[in-house]
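*Asks:* Before I ask anything, here is the structure I am working with.
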2 protein chains.
Amino acid sequence: MQAVEKLQQSYRPGTFLISDNMAIGDEGKCGGGGKEKGSENGVCSDASAKPITENDVRRDDSSSDLENPQLPGWFAEYSPLWPGQAHFLKIEKVLFEGKSQYQHMMVLESTAYGKVFVLDGALQLTEKDECAYQEMITHLPLCSIPKPQKVLLIGGGDGGILREISRHSSVVHIDICEMDMMLIDVYREFFPEVAVGYEDPRVRLHIMDGSEFLKSAQGGTYDAIIVDAFDPIRPEHEIFGSPFFEMVVKALREGGVMCIQAESLWFPSLNLPQLIHTFKNIFKGSVNYAWAPVPAYPSGVIGFLLCSTEGPRVDFTRPVNPLNHHDAASSLGVAKEPPKFYNAEMHSASFCLPSFARDRL
Amino acid sequence: MQAVEKLQQSYRPGTFLISDNMAIGDEGKCGGGGKEKGSENGVCSDASAKPITENDVRRDDSSSDLENPQLPGWFAEYSPLWPGQAHFLKIEKVLFEGKSQYQHMMVLESTAYGKVFVLDGALQLTEKDECAYQEMITHLPLCSIPKPQKVLLIGGGDGGILREISRHSSVVHIDICEMDMMLIDVYREFFPEVAVGYEDPRVRLHIMDGSEFLKSAQGGTYDAIIVDAFDPIRPEHEIFGSPFFEMVVKALREGGVMCIQAESLWFPSLNLPQLIHTFKNIFKGSVNYAWAPVPAYPSGVIGFLLCSTEGPRVDFTRPVNPLNHHDAASSLGVAKEPPKFYNAEMHSASFCLPSFARDRL
């Protein structure tokens, strides 16, 4: 893998966020406690099996292992936002590990979810279930309006949302703002079926902050803006105190739509009713919450908030611009396959909420 | 907790399926390797902290720890049916541990999901999300037919499905077949809000095997039969080669309905198309697959198969017998609260499938 070596040489290697002495393949554990004795760029440097020591299941000398679970050979998806639970994936190989000027990245080969991308220790995407997130965050907004033409994607550097936008033949222009060129390169190298979105000639890539881009965007330009930059968005996130969403509204045409990732139904960390109230005031159109099952994410679901601006009314729950995945030619774009997850029935169903969630909103 | 002691005295204590030296509360680990040195009835007998040894993260002397992940102080939901992934719950306390003549049981206090019931090492129910499973497996069949009167529950000894059946005022008689009296006692002691279902005077408890009960059931008796006995049902399970489902059909009235737990959308272990084909031949009415999000179950979702017998046609996707949870008086039964999860919109939405699953069925 020449390109991997090139990537590894280009970027300063970071530290492992999973146990440094994690097992590679079926050979069992490779010994040593801390990072200094352990592995290098994800390849275990000491293949002899040694007894597991206390350090092996502890991140450091504090008693934080109970709060921050780790096991050699497994990646632990654990977030203090959802304490007391962790999803472990068995890892066959560390395919890439590196650090850009912004963030730490790993590409892992898992046994159950295929390749996995990990950003600053948090699971971002797996080959197994990326279809659910990418297709829903894209087609929920784009299928809710007739003939979207100009789309802005903020974040989403992996390219999967671009791949999904590409299925819409009405679209003439796609802007994407992604801060981190290295992230794009890593996805292009290891997840070509995801990063294929960049091959669409309608795509214009802007390596810059989305807020900066919005500041200079012409008013009323976009039919749809998809925000995939804050993962997860937290109540104290700076965007809530900033004019970010006002700029989104300004950049949208009348009756334009925005979609942003929201929280899990089961473990709310945001004050969603408050957020919906705020969005109603800012966007002045429809505001709806939808959700989809994504097994690799905490609690197995992820939410989306959909907002439309003043103008032609948008009913997000009833798609007016269907993607017929049986008509492959019309819904491929640069993708190699029709959508795996999204269809018009799932679109409408995703707005149906369990009573406990419906009553909260 | 006198009743706990009574339970523990009544039944032969079993072995821990999670690490014997798991931490109790915030005191950290208590030492010792194997069961013989470790805990007793779920209460850690040696409170002094000792270094973790290799045995602590291994079930035995083989190298199976990579396949069978364990961490002190955490419960690992791991099944060879879905290898390469595990869901960990942080445990504060082991509230009960014991073994009946049939199976091993534990009641754990988790930090994120409340109390958790573990049967033969597999997570069965959590306080956090039991509403989703219990309400859906009950109301999907019962709300699909007008005025159900006689209902048979096979398994479901926890009482939660009884609690849900109890919300239906049209029901005059509820039979439940549960093999294991100890399981019922443990639920009554630790999960009173679940086991409350037994307080409904319409309930008749039969401590016996469901197949035996069905053999002597009068033909055409039941409007609905709910099967919660096989968890999970596996392709090689004996029921598929037995006359079990023929007996279910015989015990149902014309146009009667059955609901049984099926598999996860994401990790199919059954040949669902084959099973649906078989059920169509046996039941001769409608056969539909539905699903619901249950975060504590593997991959965060669980499926249901719904079948109706020859007779008045049943359209499972459109409930004809709605439970209006805003009209609390009419949908409480012995439950203390209205349904938390089920509503008519979720009912219909649960039959909408992602394209990859829809195309498979």
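The values are calculated or read from the model by the stated rules, or taken from the named source; none is laboratory data. Note that the structure is a prediction, hence the values are computed from the model and not measured. As a convention, Cβ positions derive from the backbone with ideal geometry for all residues, glycine included, and neighbour counts pool all protein chains shown.
*Asks:* When you check A:I260 against the structure, is it farther than 23 Å from A:I165 by Cβ and either of a type in the set (D, E, K, R) or away from chain B (no Cβ under 14 Å) (or both), yes or no?
*Replies:* no
*Asks:* Continuing with the same structure: So which residues in the range B:298-327 are touching a helix residue (DSSP H, G or I) at 6+ places or on another chain (Cβ under 8 Å), facing another protein chain (nearest Cβ under 9 Å) and of a type outside the set (A, V, I, L, M, F, W, C), if there are any at all?
*Replies:* B:S299, B:G300, B:H325
*Asks:* If you don't mind, another one. Please tell me if A:L140 is in contact with a helix residue (DSSP H, G or I) (Cβ under 9 Å, 6 or more places away or on another chain), within 14 Å of another protein chain (Cβ to nearest Cβ) and at pLDDT 95 or above.
*Replies:* Numbers: in contact with a helix residue (DSSP H, G or I) (Cβ under 9 Å, 6 or more places away or on another chain): yes; within 14 Å of another protein chain (Cβ to nearest Cβ): yes; at pLDDT 95 or above: yes.
Yes; evaluated as a whole, the condition is true for this residue.
*Asks:* Of everything in the range A:71-115, what is more than 9 Å from every other protein chain (Cβ to nearest Cβ), part of a strand (DSSP E or B) and within 22 Å of B:S110 (Cα to Cα)? Give them in sequence order.
*Replies:* Matches in the range A:71-115: A:F75, A:E77.
*Asks:* I'm told A:M346 meets every condition in (1) touching a Leu at 6+ places or on another chain (Cβ under 8 Å); (2) within 15 Å of A:A224 (Cα to Cα); (3) buried (at least 18 other Cβ atoms within 10 Å of the Cβ) except one. Can you identify the failing condition by its number?
*Replies:* It fails just one condition, (2).
*Asks:* Still on this structure, I have one more. Among (1) of a type in the set (A, V, I, L, M); (2) crowded, with 20+ Cβ neighbours inside 10 Å; (3) closer than 27 Å to A:F75 by Cβ, where does A:A122 come up short?
*Replies:* Among (1) of a type in the set (A, V, I, L, M); (2) crowded, with 20+ Cβ neighbours inside 10 Å; (3) closer than 27 Å to A:F75 by Cβ, A:A122 violates only (2).
*Asks:* Exactly one condition in (1) in contact with a helix residue (DSSP H, G or I) (Cβ under 8 Å, 6 or more places away or on another chain); (2) surrounded by fewer than 23 Cβ atoms within 10 Å (Cβ to Cβ); (3) under 22 Å from B:G303 (Cα atoms); (4) not β-branched (V, I, T) is not met by B:D158; state its number.
*Replies:* Every listed condition holds for B:D158 apart from (2).
*Asks:* Among all residue pairs at least 6 apart or on different chains, which show Cβ distances below 6 Å where the first residue, located in the range B:132-146, is in a helix (DSSP H, G or I) and the second is hydroxyl-bearing (S, T, Y)?
*Replies:* Close Cβ pairs (under 6 Å, with a partner that is hydroxyl-bearing (S, T, Y)) amount to B:E135/B:Y342; B:H139/B:Y342.
*Asks:* Looking for something more than 17 Å from B:S350 (Cα to Cα) and either basic (K, R) or more than 9 Å from chain B (Cβ to nearest Cβ) (or both) - is there at least one such residue anywhere in the range A:338-345?
*Replies:* There is at least one residue in the range A:338-345 that is more than 17 Å from B:S350 (Cα to Cα) and either basic (K, R) or more than 9 Å from chain B (Cβ to nearest Cβ) (or both).
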